[in-house]
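J.: Let me give you the structure first, and then I'll get to my questions.
The values are calculated or read from the model by the stated rules, or taken from the named source; none is laboratory data. Just so it is clear, the model here is predicted, and its values are computed rather than measured. Positions of Cβ are backbone-derived with ideal geometry, glycine not excepted, and every protein chain shown enters the neighbour counts.
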Amino acid sequence: MTPPTPPLRTARLEFTPYRPEDEDHFVGLLRDEEVCRWMGQDRVPEADIRTLFRAILTDVYPQRIFDVWGLWHEGAYIGHAEVKKTGNVDGHELITALAPAYWGRGLGLEAIRGLMRYAAETLGLKEVYGMVGAGNAASLALCRRLGAQHVRDVVGDDGTVTKMVLLSLADMSRPDDPAGDVEARGDLGDPGDKPSGAAEPRREGQVTADG
């Protein structure tokens, strides 16, 4: 059984399991046009997103289906993060999405590094996957910075191309890593800080990442 999702912390970010009072923050993020565009998905009706959020509280956490957090920076909600099994391959994927106001600060890289450390140290994983839109140059640059390997391109029904990448978790202690110390108490982004993938609801196989 998957253990309860713990709070995490990096140098500048707090990963906090969602609470009922976070619903409007979550809805606002996933209804943002820029976030949806870089995640490669259409805007989902607000009612559907609220249903999704409530399912996180009533199903995902109680049944320990996967790990999901709200991202906070200096007391403000700035994004979303997940580590979950992917249906595309036999493995886990990382998903992050940041609000546009926080793009370009390196927070996406820090969030991904924090998730990578958690996946390695707590979940015992050796590697993780991410999905990045072919047109998301910022997140593709972040993937290169992290040493990601391109696995294959996934072509959607509408012709959009998403790149599946593989991240090794062999070395999670780089000295220049601002997320080097991740405290566990209890699709990838950055340079330009644009999302590279998506949190549910999303097209199958996509992951989000913001810088």
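J.: So which residues in the range 6-53 are among the β-branched types (V, I, T) and modelled with pLDDT of 95 or more?
T.: As a first pass, look at the range 6-53 and keep what is among the β-branched types (V, I, T): 10, 16, 27, 35, 44, 49, 51.
Hits for the range 6-53 are T10, T16, V27, I49, T51.
J.: Select from the range 103-130 the residues that are part of a helix (DSSP H, G or I) and either surrounded by fewer than 19 Cβ atoms within 10 Å (Cβ to Cβ) or more than 16 Å from the chain's Cα centre (by Cα) (or both) and list them in ascending order.
T.: E121 - this is the single residue of the range 103-130 that is part of a helix (DSSP H, G or I) and either surrounded by fewer than 19 Cβ atoms within 10 Å (Cβ to Cβ) or more than 16 Å from the chain's Cα centre (by Cα) (or both).
J.: Considering every residue within the range 47-60, establish whether at least one is of a type outside the set (V, I, T), out of contact with any Phe, Trp or Tyr (no Cβ under 7 Å at 6 or more places or on another chain) and crowded, with 20+ Cβ neighbours inside 10 Å. Show your work before the answer.
T.: If we filter the range 47-60 for residues that are of a type outside the set (V, I, T), which is where we start, we get 47-48, 50, 52-55, 57, 59.
The next check asks that each one be out of contact with any Phe, Trp or Tyr (no Cβ under 7 Å at 6 or more places or on another chain); those that pass are 47-48, 50, 52, 54-55, 59.
Add one more test, that the residue is crowded, with 20+ Cβ neighbours inside 10 Å, and what stays is none.
The answer is no; no qualifying residue exists.
J.: Still on this structure, please answer the following. Just name the residue that is surrounded by the most Cβ atoms within 10 Å (Cβ to Cβ) out of those in the range 131-155 that are in a loop (DSSP other than H, G, I, E, B) and not aliphatic (A, V, I, L, M). Don't jump to the end; show me each part of the working.
T.: First, the residues of the range 131-155 that are in a loop (DSSP other than H, G, I, E, B): 134-136, 146-148.
Filter once more, keeping what is not aliphatic (A, V, I, L, M): 135-136, 147.
Working: G135: 14, N136: 28, G147: 12.
Filtering the range 131-155 for residues that are in a loop (DSSP other than H, G, I, E, B) and not aliphatic (A, V, I, L, M), the one surrounded by the most Cβ atoms within 10 Å (Cβ to Cβ) comes out as N136.
J.: Suppose we keep only residues that are farther than 25 Å from V151 by Cα and over 14 Å from the mean Cα position of the chain (by Cα) within the range 71-102. Which one would you say is surrounded by the fewest Cβ atoms within 10 Å (Cβ to Cβ)?
T.: Residues of the range 71-102 farther than 25 Å from V151 by Cα: 71-79, 99-102.
Subsequent filtering for residues that are over 14 Å from the mean Cα position of the chain (by Cα) retains 73-77, 100-102.
Working: H73: 19, E74: 8, G75: 6, A76: 11, Y77: 19, P100: 16, A101: 11, Y102: 20.
Of everything passing the filter in the range 71-102, G75 is surrounded by the fewest Cβ atoms within 10 Å (Cβ to Cβ).
J.: Regarding V154, is this residue in contact with a Cys (Cβ under 6 Å, 6 or more places away or on another chain) and under 23 Å from C36 (Cα atoms)?
T.: On the way: in contact with a Cys (Cβ under 6 Å, 6 or more places away or on another chain): no; under 23 Å from C36 (Cα atoms): yes.
So V154 does not fit the description; no.
J.: Pick from the range 140-170 the residues that are out of contact with any Asp or Glu (no Cβ under 8 Å at 6 or more places or on another chain) and of a type in the set (G, A, S): which of them is nearest to L123 (Cα to Cα)?
T.: First, the residues of the range 140-170 that are out of contact with any Asp or Glu (no Cβ under 8 Å at 6 or more places or on another chain): 140, 143-144, 146-160, 165, 170.
This time we only want the ones that are of a type in the set (G, A, S), so: 147-148, 156, 159, 170.
Working: G147: 21, A148: 20, G156: 30, G159: 35, A170: 13 Å.
Residue satisfying both the conditions and the ranking: A170.
J.: Out of the residues in the range 144-190 that are under 24 Å from A11 (Cβ atoms) and of a type in the set (S, T, Y), state the one that is modelled with the highest pLDDT.
T.: Here the answer is S168.
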